[in-house]
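Contents: one structure, followed by commentary.
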Amino acid sequence: MRASQAVDFDDLVALPVQLLEQHRDVLAALHARYRWLSVDEYQDVNLAQVRLLSLLAAGGANLCVIGDPDQAIYGFRGADYRYFQRFHDDYPNAMRYQLTQNYRSAQHILDAAMQVIGHNPDRTAMQIWSEFVDDVKLDVRAAATDKAEAEQVVHQIEQLVGGTSYFSLDSGRVDGAARGPMRSFADFAVLYRLGAQARLFVEALDRSGIPYQSVGPSLFYGRKAISTALALLWLQINPSSAVHLSILLTARRNDFSSAALQNLHHQLRTAETPLPQALRAAAAAGGFTTAQRRRLLECAQALESLHQTAANAAPAVAQLAASAYQLGAELRGVKVEPEDELLRELIARTIPYGARLLDFLAFAALQSEADGYDPRADRVTLMSLHAAKGLEFPVVFIAGCEEGLLPYLRVEEKDQNEDPVAEERRLFYVGLTRARERILLSHARRRFLFGRHMENPSSRFLDEIEEALKRVPPREPLRPQPRRSAGEQMTLF
């Protein structure tokens, strides 16, 4: 990273801590400027973040933190909910306000969530209540396979919206009599523990014709067309970035082995000329195959073309992004169509930044898994339980409620100080409390995941919910089609 003049996400916290500890004048300037500090989701902080906050608050600023230790679900990235529990020890004069009313979920959902989270041994007991009271129970459904589970979820969505096609009615999947309030597609979220579970739901929704949005990491910025364009833009800002140069070199096909890339980056580190000239010099110096030399020259030409666009005036980021997208397409060996949707979306995202290229690139680099979620879209939402944190939906499906999947236990987690099941239980709690009105839980007797078949029992979390709150409906066969009498039209044949 040093050679590329780059930092990772953790550095964005660790380096400021180092700066403030070593330069007390900078710390004093921040104390004078920032007198009010607010931290949300404090149960998810890690040691570096706690240290940064203590430095910022040391000047006597008014500090307010908000959090819920029952929703601490980021232990895998170093977060520790015990910092929340020790807050009063760190700040003895702090006043504590305990909020117990929930304004999202119906009471039966909260009751189930409380029963599950109550099994965590070190939890401080607290009862959450809601004004929304109804007698709708939590649906728990078993499916023979993971494919059947996906079809079952889609079938339930069709029923709840009253049918999505003539086929829904003709086949008996939906009887046409809507039960309960009329639903739109945006009312539904399908949550799962692992991103690998999403594929079957995508296929089932595609077959049904139900619109959906699948939220996952790098959903937009991870597309090859976009990542290639962004790599060209980043190299205008930081020509030393080996990561982005490697993206360009391998955009069409992987002509460069790890050894060839290492050799190239070593030559570029010692070069004293601009990057395009250094790439041409490397191609001329030898040590690369014919295809690799050709690729070096193509990348040099693309970088020079984009630099020329930037040098003509002070162009808007949208103009630079459009040029980078076109040049990236040429490097990938594809043609940009006049109505390219990815290009339109890229331009739309850059317009708010005016001419501030670095601000846009920083924003794109820091996108999280849930940033691809559009709450305005009338579509069923597919996302992981982690990505659903902070969101809410009228109807929530939690799929894959099986031992080995939810809770999902890795071998390396067995030696951790905290029981890994406790965090998985908090994750299930988060999933339950995303729902406003209805929760539907499903599990499969047989599942194919990561190249192997699994036959796991239903999740222990389901057993932790008392039977009075659950409804386990019998499997409903398709309704037989009513007999139609041969009418006058049939007699003509």
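Just so you know, in region 195-220 the residues that are assigned to a loop (DSSP other than H, G, I, E, B) and either of a type in the set (S, T, N, Q) or in contact with a Ser or Thr (Cβ under 7 Å, 6 or more places away or on another chain) (or both) include one that is farthest from Ser442 (Cα to Cα), and it is Ser218. The requirement of being at pLDDT 95 or above and under 24 Å from the mean Cα position of the chain (by Cα) is satisfied by Ala189. Checking each residue of region 373-385 against the condition of being of a type outside the set (A, V, I, L, M), open to solvent by less than 60 Å² (accessible area, probe 1.4 Å), more than 30 Å from Arg445 (Cα to Cα) and at pLDDT below 90 gives at least one match.
Within region 354-400, the residues that satisfy the criterion of being closer than 25 Å to Asp8 by Cβ and part of a strand (DSSP E or B) are Met383, Ser384.
Yes/no per residue for (1) at pLDDT below 95; (2) β-branched (Val, Ile, Thr); (3) more than 26 Å from Arg193 (Cβ to Cβ); (4) assigned to a helix (DSSP H, G or I):
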| site | (1), (2), (3), (4) |
| --- | --- |
| Leu27 | no, no, yes, yes |
| Leu53 | no, no, yes, yes |
| Phe84 | yes, no, no, yes |
| Asn93 | yes, no, yes, no |
| Tyr97 | yes, no, yes, no |
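Of all residues in region 286-328, those that are of a type outside the set (Gly, Ala, Ser) and free of Cβ contacts under 8 Å to residues at least 24 places away in the same chain total 9.
Considering only residues that are touching a helix residue (DSSP H, G or I) at 6+ places or on another chain (Cβ under 7 Å) and open to solvent by 50 Å² or more (accessible area, probe 1.4 Å), which ones fall in region 291-318?
Just the residues of region 291-318 that are touching a helix residue (DSSP H, G or I) at 6+ places or on another chain (Cβ under 7 Å), to begin with: 292-293, 295-300, 302-307, 309-310, 315, 317-318.
If the condition is that a residue be touching a helix residue (DSSP H, G or I) at 6+ places or on another chain (Cβ under 7 Å) and open to solvent by 50 Å² or more (accessible area, probe 1.4 Å), then Arg293, Leu297, Glu298, Glu304, His307 are the ones that fit.
Taking the criterion of being exposed (fewer than 13 other Cβ atoms within 10 Å of the Cβ) and under 36 Å from the mean Cα position of the chain (by Cα), the residues of region 253-290 that qualify are Arg253, Asn254, Ser257, Ser258, Ala259, Gln262, His266, Arg269.
Those residues that are within 13 Å of Leu99 (Cα to Cα) and open to solvent by less than 100 Å² (accessible area, probe 1.4 Å), I need them from region 126-139; list them, please. Before you say what the answer is, go through the steps one by one.
Kept after step one, since they are within 13 Å of Leu99 (Cα to Cα), are these residues of region 126-139: 126-130.
Across region 126-139, the qualifying residues are Met126, Ile128, Ser130.
Of the residues in region 109-119, at least one is under 28 Å from the mean Cα position of the chain (by Cα), among the small types (Gly, Ala, Ser) and assigned to a helix (DSSP H, G or I).
The values are calculated or read from the model by the stated rules, or taken from the named source; none is laboratory data. As the structure is a computational prediction, the values presented were derived from the model and not from experiment. Cβ atoms come from the backbone with ideal geometry, glycine included; neighbour counts cover every protein chain shown. The protein model used for the area step is the full one, side chains on, heavy atoms only, and it has no ligands, DNA or RNA in it. Shrake-Rupley method; radii C 1.70, N 1.55, O 1.52, S 1.80 Å.
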